[in-house]
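*Asks:* One structure, as structure tokens, below. Some questions next.
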Amino acid sequence: LTPPTPATHAPTPPVAPPPDTHPDAAALAYDPMWTLEFLGAQLGALGPAAALIAAALLCVWRARRADRDLARAAVFCLCAGAPVLLFYLAVTLVTDAEGNWALAAYVSLFALVGAVAPRELERYHRLVHEWRADPARPRRGLLRRKPETFFQVAFHWSIGVAVGFAILSLRLDLVARLPLVGDAVPLHRLMGADERAARAHDALARLRDETDLEPFVISAAYGPASLLAFYLPGQPVTYCARGVLGAQPSQYDFFPDTRLDDPALRGRPALLLGADEHRWARAFERVVEIDPLDDPEAPHAPARPHRRRAFAGYGYHGWPQHAPRRRPTR
């Protein structure tokens, strides 16, 4: 296999991994960024809708004595949604949690928004009607001259942002060309999977010719593993090392045909995606870095810091039984 250009890499003996803490001690470690990233992901996913939910809860609190049915409905919605959010917030105290895990918590809370919206929008329109009947028409709103309410502002902004993002999502390739924001668009996660699979197919063919053994694919993340499983010719079984590298296990760790402790894999070469040679060296006799699968000239190619490194692994012997909890490098 050709090492990455322009540097050359001669075959090297197994690289000793850096010293790790004991698995039990690592499992008890806490990184405050787990919680901060989780909370930031919730605000980023909801956008103005977070303020809309807060406004709905405030409206229910103010009307709790006048409308007992609405208050009881709010309690039910909170009891259905809050435990999900609190549970995954607690998960961040022991490991990193994905932001989308808690999205189910908002299903019942948006139902509460739907229950509050008719009465609050009706109150808003009544205030506007009264304001228009006043010849003086004094300034009553924060953003506009006519009256505004917290719920109405959050409601209109939520709709506006949702429509705007829906339109922009149709042409993310154009958004990715914009200055400042373009680099933040992960276009490589939406495009180019077939091209990466073609490069992976060539790399596997070279490994097969070099070793006279049938190679397989291991990715440090489940996304690339699943995409290659779909786009590679013949749709072969691919593997994900996320769990054995120390992060949360994925579905790849629970099905027999995708588990990395399969004895049939031992001794075979593999195309390795993501992480680094120190971590792959735990499971292979020899690891050599090769060219990444991403085409740097493609318009949807990720920025260099986000390009996944690729390696050729020779002589797979499996991972130790225990691995420290650590987020794999992608």
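The values are calculated or read from the model by the stated rules, or taken from the named source; none is laboratory data. Fair warning: this is a prediction, and the values are worked out from it, not measured in the lab. Note that each Cβ is placed from the backbone with ideal geometry, even for glycine, and that neighbours are counted across all protein chains shown. These area figures cover heavy atoms from the full protein model, side chains too; ligands, DNA and RNA do not enter into them. Shrake-Rupley method; radii C 1.70, N 1.55, O 1.52, S 1.80 Å.
*Asks:* Given an 8 Å cut-off on Cα distances and at least 6 residues of separation, report the relative contact order of the stretch 35-135 as a percent.
*Replies:* It comes to 36 percent, rounded to a whole number.
*Asks:* Hey, another quick one. For ALA80 and SER169, what does the FRET efficiency come to when R0 = 30 Å and r is the distance between their Cβ atoms, rounded to the nearest 0.05?
*Replies:* Computed FRET efficiency for ALA80 and SER169: 0.55.
*Asks:* On to the next question. Kindly state, to the nearest 0.05, the FRET efficiency for LYS146 paired with PHE230, given R0 = 41 Å and r defined as their beta-carbon distance.
*Replies:* In this case the efficiency is close to 0.15.
*Asks:* At a 1.4 Å probe radius, carbon and sulfur cover how many percent of the accessible area of the stretch 44-187?
*Replies:* 67 percent
*Asks:* Taking the solvent-accessible surface of protein heavy atoms with a 1.4 Å probe, what is the per residue accessible area of the stretch 25-161 in Å²?
*Replies:* 60 Å²
*Asks:* Another question about this same structure. How big is the accessible area of PHE165 in square angstrom, nearest 10, if you roll a 1.4 angstrom probe over the protein chains?
*Replies:* Probe radius 1.4 Å; accessible area of PHE165 about 140 Å².
*Asks:* Set the Förster distance to 25 Å, then compute FRET efficiency between GLU285 and ASP209 from the Cβ-Cβ distance, nearest 0.05.
*Replies:* Here the calculated transfer efficiency is 0.85.
*Asks:* Does the stretch 118-219 come out rounded, prolate or oblate by the C-alpha gyration tensor, with a ≥ b ≥ c the root eigenvalues, rounded set by a/c under 1.5 and, if not, prolate when a/b is larger than b/c and oblate if not?
*Replies:* The shape class here is prolate.
*Asks:* Continuing with this model, one more query. Read phi for every residue in the stretch 179-194 and hand back ³J(HN,Hα) as whole Hz from Karplus 6.51 cos²θ - 1.76 cosθ + 1.60, θ = phi - 60°, with x for Gly and Pro.
*Replies:* Rounded to whole hertz, the list is x, 6, 8, x, 5, 7, 8, x, 5, 5, 8, 10, 9, x, 5, 5.
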